[in-house]
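Quick one: the structure is below, questions incoming.
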């Protein structure tokens, strides 16, 4: 009995020490509150006065950042409503508009009287215009007065909101901090305690943010620098000039390299075009259906035949084959570069640390942006379109190759090494076969991302189905655009089904 009591006391003491280490300040209060929450089997009243008073500052001090941003926004909103109701000249824009319209109406009445006195024909028209302006002035004045009358209601709404926010924060603070304590016990790498430097900095930020919002939405005459970022046009033009000169220098200095890349892509593209475009259509169609049947089964083969029939019967066959040639060229280059690069990144962490930000840039940069340097270095036409497609489509195969190789069980590699496997044998016979599903998923994603670029690549002269979609967008031909889009969709689905079936095939045991 005494042993159990001593053990319970020891556990309680350790827990109290952990709470003190976690909270860092006012430990006795939080220990009592946590114990109270643990002992209660029902929802009980538990209020943290400090959290209610300090609001977002308390949440930041306790490293509960999600609630810091939520309550920061809501408290700013509440104080803005209070300031608008108390200090803002609500409806001042409508008052000013009503005054302008009244002045214009008065001027128009004067013109109408002068026109009537002189016997001019437009006197009646001027009188009607003056009456219309008077009516508009009265409407604007009515709107302004209604807005001004809302001030007490807006103030009351802001007060109710801030009181509700303070009460809510006080009621949920200890419970959420206790949950944070449980997470910290499982992972003590999480931030704990109170950093007074951080808390002071956040307090200054909170006061500045609150003051700026209140001033912005309650003041009448606001300086331009408050609502608009100061701009230095000359600085931007200087930067543009520097970039233009750099691009021109690169184009002139490495013209031979860019020409060689363009020529190599052109040779590969011409070869693929001879295969898919020059070969009689019935042979190509039969070959694609047969590949689909062998790779994915009868159902996919039937679907493939129907999709190819659609491409042929609506006159999209040749452009579809041109698109497939462009896609094939881009995918071949993506895979030839991407898979070895993924292997290298998995083997060399330093290279991966350099390559990963580049892949992030390739995926996140809008496609229209990197079309500009592609045009500058390679001109327009099919090869530049393929280069733009490569930039967009390569990251998935690199990333998923690395992911697949990282997922190879270490004990299998150790067993192969113990039996004398060389590095090349280990790569070709162990790593790549086991990583095949992930690599095939990367290939599939690369193919689909390359195909999604056909419309954008058509902007710089790449032919194919993208050209029809671009024409439909330019001239608002809905039918043409939808039919061409369906053709691109069918091409994508055929390739997706065939590649996915390959990735799902089980390796022989």
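The values are calculated or read from the model by the stated rules, or taken from the named source; none is laboratory data. Remember, predicted model here, so these are calculated numbers, not experimental data. A quick note on method: Cβ atoms are made from the backbone with ideal geometry, for glycine too, and the neighbour counts reach across all protein chains shown.
For residue 182, state whether it is in a helix (DSSP H, G or I), loosely packed, with under 13 Cβ neighbours inside 10 Å, on the phi < 0 side of the Ramachandran plot and at pLDDT 90 or above. I'd like the intermediate steps shown before the answer.
Values: in a helix (DSSP H, G or I): yes; loosely packed, with under 13 Cβ neighbours inside 10 Å: yes; on the phi < 0 side of the Ramachandran plot: yes; at pLDDT 90 or above: yes.
When the stated conditions are applied, residue 182 passes them.
How do the pairs read when you match residues in segment 49-62 that are in the same structural domain as residue 201 (by TED's automatic domain parsing) with residues anywhere that are part of a loop (DSSP other than H, G, I, E, B) and modelled with pLDDT under 95, using Cβ under 7 Å and keeping only pairs 6 or more apart or on different chains?
Filtered contacts from segment 49-62: 61/194.
Looking at 496, 471, which is the one that is within 25 Å of residue 342 (Cα to Cα) and at pLDDT below 85? Explain how you work it out, then say what you get.
On the way: 471 fails: within 25 Å of residue 342 (Cα to Cα).
Checking each option against the conditions leaves just 496.
Please tell me if residue 340 is surrounded by fewer than 23 Cβ atoms within 10 Å (Cβ to Cβ), out of contact with any strand residue (DSSP E or B) (no Cβ under 6 Å at 6 or more places or on another chain), farther than 26 Å from residue 495 by Cα and modelled with pLDDT of 85 or more.
On the way: surrounded by fewer than 23 Cβ atoms within 10 Å (Cβ to Cβ): yes; out of contact with any strand residue (DSSP E or B) (no Cβ under 6 Å at 6 or more places or on another chain): yes; farther than 26 Å from residue 495 by Cα: no; modelled with pLDDT of 85 or more: yes.
Taking the combined requirement at face value, the residue does not satisfy it.
Here's another thing I want to ask about it. Do any helices (runs of 4 or more DSSP H) entirely within segment 63-164 hold 2 or more residues that are in contact with a strand residue (DSSP E or B) (Cβ under 7 Å, 6 or more places away or on another chain), at pLDDT 85 or above and under 30 Å from residue 204 (Cα atoms), and if so, which?
none
Does residue 86 satisfy being surrounded by fewer than 16 Cβ atoms within 10 Å (Cβ to Cβ) and closer than 22 Å to residue 154 by Cβ? Explain how you work it out, then say what you get.
On the way: surrounded by fewer than 16 Cβ atoms within 10 Å (Cβ to Cβ): yes; closer than 22 Å to residue 154 by Cβ: yes.
So residue 86 passes the test.
Exactly one of these conditions fails for residue 369: (1) surrounded by fewer than 16 Cβ atoms within 10 Å (Cβ to Cβ); (2) more than 26 Å from residue 484 (Cβ to Cβ). Give me its number.
(2)
Which condition number does residue 102 fail, the rest of (1) crowded, with 17+ Cβ neighbours inside 10 Å; (2) within 39 Å of the chain's Cα centre (by Cα) being met?
Single failed check for residue 102: (2).
Yes or no, residue by residue, for (1) touching a residue at least 24 places away in the same chain (Cβ under 8 Å); (2) farther than 30 Å from residue 337 by Cβ; (3) over 39 Å from the mean Cα position of the chain (by Cα):
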{"residue": "276", "(1), (2), (3)": "yes, no, no"}
{"residue": "279", "(1), (2), (3)": "no, no, yes"}
{"residue": "284", "(1), (2), (3)": "yes, no, yes"}
{"residue": "289", "(1), (2), (3)": "no, yes, no"}
{"residue": "296", "(1), (2), (3)": "yes, no, no"}
{"residue": "300", "(1), (2), (3)": "yes, no, no"}
{"residue": "305", "(1), (2), (3)": "no, yes, no"}
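Right, here's the next one. Only residues that are outside any helix (DSSP H, G or I) and within 34 Å of the chain's Cα centre (by Cα): list them for segment 228-274, please.
Residues of segment 228-274 that are outside any helix (DSSP H, G or I), as a first pass: 228-232, 254.
228, 229, 230, 231, 232, listed by residue number.
Something else now. Within segment 185-202, work out how many residues are touching a residue at least 12 places away in the same chain (Cβ under 8 Å), over 22 Å from residue 47 (Cα atoms) and either part of a helix (DSSP H, G or I) or not assigned by TED's automatic domain parsing to the domain that holds residue 62 (or both).
3
Every residue, every condition in (1) under 17 Å from residue 385 (Cβ atoms); (2) within 28 Å of the chain's Cα centre (by Cα); (3) surrounded by 15 or more Cβ atoms within 10 Å (Cβ to Cβ), yes or no:
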| residue | (1), (2), (3) |
| --- | --- |
| 450 | yes, yes, yes |
| 454 | yes, yes, yes |
| 461 | yes, no, yes |
| 464 | yes, no, yes |
| 470 | yes, yes, yes |
| 491 | yes, yes, yes |
| 498 | no, no, yes |
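Determine whether residue 276 is at pLDDT 85 or above and assigned by TED's automatic domain parsing to the domain that holds residue 392. Working first, answer last.
On the way: at pLDDT 85 or above: no; assigned by TED's automatic domain parsing to the domain that holds residue 392: yes.
When the stated conditions are applied, residue 276 does not pass them.
Still on this structure: Does residue 212 fit the bill of being out of contact with any helix residue (DSSP H, G or I) (no Cβ under 9 Å at 6 or more places or on another chain) and not in a loop (DSSP other than H, G, I, E, B)? Can you show your working first?
Numbers: out of contact with any helix residue (DSSP H, G or I) (no Cβ under 9 Å at 6 or more places or on another chain): no; not in a loop (DSSP other than H, G, I, E, B): yes.
No, not satisfied.
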